[in-house]
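Below is one structure, written out as structure tokens, with a few remarks after it.
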Amino acid sequence: MALNLREQTFVLEGGKRLSGSVQVGGSKNATLGAMAAALLVPGDCFLENVPVIDDVEQMALVLRSLGCDVEWAGDHTLRLNATEITSSCPDREIVGTLRGSFLVMGALLGRLGEAACPPPGGDIIGGRPIDVHLAGFRALGAVTEVSQEMFRAKAPELRGATFFADYPSVLGTQNTMMAAVCAKGTSTIVNAAAEPEVQSLAAILNEMGADITSAGTNTITINGVERLHGARFRIIPDRLEAGTFAIAAVITGGEAELRGVEPDHMQGFLAKLRQAGVDVQTSGDVMRVSAGGELQALTLQALPYPGFPTDLQAPMAVLLTQAQGVSTVHERVFDNRLGYISDLRKMGAEIVTTGTTAAIITGPTPLSGSALKALDVRAGAAFILAGLAANGRTTVSDIYHVDRGYERIDEKLRSLGADIERA
Ligand code: EPU
């Protein structure tokens, strides 16, 4: 990543009411899974509706370090070709820049029968073990080896099996699914993650010739096939970008039309947005949100899908600082994802935390502009939202975190009337 990107800052003048229409892009996390899946195929795969964000560029570097061709082949379209895989271990430094890089492990194991991967990077939001991934590989007959420096898995032959996941890990489910698609016989993942990004990975693998059923439930069945072939696939809408823009509009007392969304993937979020008093209308892939009267306090738990998404927990907490009454937020997916709260307090929010997973927010409190530093992609987005609602000027530094997951967030917010510049 270029040094100057690390030095960029968003400068916001808060208090502007947002209004207008914005196009939501393809899902970051679904794209990372789909890119890894291309490693299973000796031929061309085309991904459409790919967001142009730093995590996608980093994942492209991870795949290139394995010999896979990755290039932009049109507007938001990637072509990937893994006909020649030249290594079973991706570049250590690049893998360390994002969590999704670890998905190459399941794909390489499925394709080559062996894989190695250095420890992946990712946001610092709590313990992020890999035990579910490795247990999934072992259930399919692989031998795994773990050291400080490297994860390894090797199987002379992958065999279908029933695998019970101790936790419905999103990447753990995806990795096990990719290792199982060409295994001999039938595999079942019990206590699987049901997130739309898991469903989307199953859909692209099926387009490539796999036989996967019931992704999106907590038991996924994978009938092993001989081989996969190239495919063309459209990435699903980014439910987290859509949620972020919905909050941006209503926290400023405004309204927005969000185009290119999948409301079905957003039920946990939309239920809470409505409970807060926001008017939400959906029609096909268009969603309209409008701040009715006063926002109302509520109780919220971040949970695995279809529960309220952990990735929108920080943005929603910012909204709750502007809601009437006492809200409670309980983060139940990650054990340390409230790091942004001390900065919100600095801006004037009234928030008490219990340990590292629960917060009590009393609102509404006026927020005042402040100098903030993005901690990770979602907390960075939450700070932008706080800046939009605040009086005066807010600066958010280290915005490379935000650029990892949101395409041109500043331009899109400006199109809704926000006063935000990249400095
Ligand atoms: N966990 C285990 N064992 C494992 C893996 C996870 O106990 O082997 C636990 C973790 O400690 C954590 C919980 O399971 O408490 C959830 O972790 P999960 O594995 O489901 O998360 P992930 O797959 O590493 C993906 C997304 C995250 C998103 C989570 C939860 C990608 C690249 N990342 O991470 O996205 O928060 O699922 O939905 O898909 C983001 O986009 O900002 C982001 C962090």
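The values are calculated or read from the model by the stated rules, or taken from the named source; none is laboratory data. Fair warning: this is a prediction, and the values are worked out from it, not measured in the lab. Positions of Cβ are generated from backbone atoms using ideal geometry, with glycine treated the same way; all protein chains shown enter the neighbour counts. Keep in mind that these areas ignore ligands, DNA and RNA; they rest on the heavy atoms of the full protein, side chains included. Shrake-Rupley method; radii C 1.70, N 1.55, O 1.52, S 1.80 Å.
The table below lists the values:
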| read-out | value |
| --- | --- |
| Checking residue 211 against (1) over 29 Å from residue 364 (Cβ atoms); (2) among the acidic types (Asp, Glu); (3) touching a residue at least 40 places away in the same chain (Cβ under 8 Å), the condition it does not meet | (3) |
| Residue match in the stretch 128-141 (condition: near the ligand (Cβ under 8 Å from one of its atoms), within 22 Å of residue 403 (Cβ to Cβ) and either aliphatic (A, V, I, L, M) or crowded, with 24+ Cβ neighbours inside 10 Å (or both)) | no |
| Evaluation of residue 86 against (1) within 23 Å of the chain's Cα centre (by Cα); (2) open to solvent by 50 Å² or more (accessible area, probe 1.4 Å) (one fails), failing number | (1) |
| Residues located in the stretch 220-250, provided they are among the basic types (Lys, Arg) and either buried (at least 24 other Cβ atoms within 10 Å of the Cβ) or touching a strand residue (DSSP E or B) at 6+ places or on another chain (Cβ under 9 Å) (or both) | 232, 234, 239 |
| Elements of type strands (runs of 3 or more DSSP E) in the stretch 359-423, at least 3 residues being away from the ligand (no atom under 16 Å from the Cβ) and under 28 Å from residue 297 (Cα atoms) | 371-373, 393-397 |
| Residue satisfying all of: in the stretch 144-181; closer than 22 Å to residue 206 by Cα and more than 16 Å from the ligand (Cβ to nearest atom); surrounded by the most Cβ atoms within 10 Å (Cβ to Cβ) among these | 180 |
| Counted residues, the stretch 182-196 - those being within 23 Å of residue 27 (Cα to Cα) and more than 7 Å from the ligand (Cβ to nearest atom) | 3 |
| Verdict on residue 332 being surrounded by fewer than 24 Cβ atoms within 10 Å (Cβ to Cβ), free of Cβ contacts under 8 Å to residues at least 40 places away in the same chain, in contact with a Leu (Cβ under 7 Å, 6 or more places away or on another chain) and in the same structural domain as residue 270 (by TED's automatic domain parsing) | yes |
| The stretch 197-214 - residue that is open to solvent by 20 Å² or more (accessible area, probe 1.4 Å) and under 18 Å from the mean Cα position of the chain (by Cα) and, of those, farthest from the ligand (Cβ to nearest atom) | 203 |
| Cross-chain or 6+ apart pairs with Cβ under 6 Å, the stretch 1-26 first and at pLDDT 80 or above, then open to solvent by less than 30 Å² (accessible area, probe 1.4 Å) and among the aromatic types (Phe, Trp, Tyr) | 22/245 |
| Boolean, residue 71 is open to solvent by 20 Å² or more (accessible area, probe 1.4 Å) and within 16 Å of the ligand (Cβ to nearest atom) | no |
| Criterion (within 22 Å of residue 178 (Cα to Cα), out of contact with any strand residue (DSSP E or B) (no Cβ under 8 Å at 6 or more places or on another chain) and modelled with pLDDT of 95 or more) met by exactly one of 39, 63 | 39 |
| First in the stretch 97-113 and over 12 Å from residue 35 (Cα atoms) and more than 8 Å from the ligand (Cβ to nearest atom), second anywhere and among the aromatic types (Phe, Trp, Tyr) and open to solvent by less than 10 Å² (accessible area, probe 1.4 Å), Cβ under 9 Å, 6 or more apart | 105/137; 106/137; 109/137 |
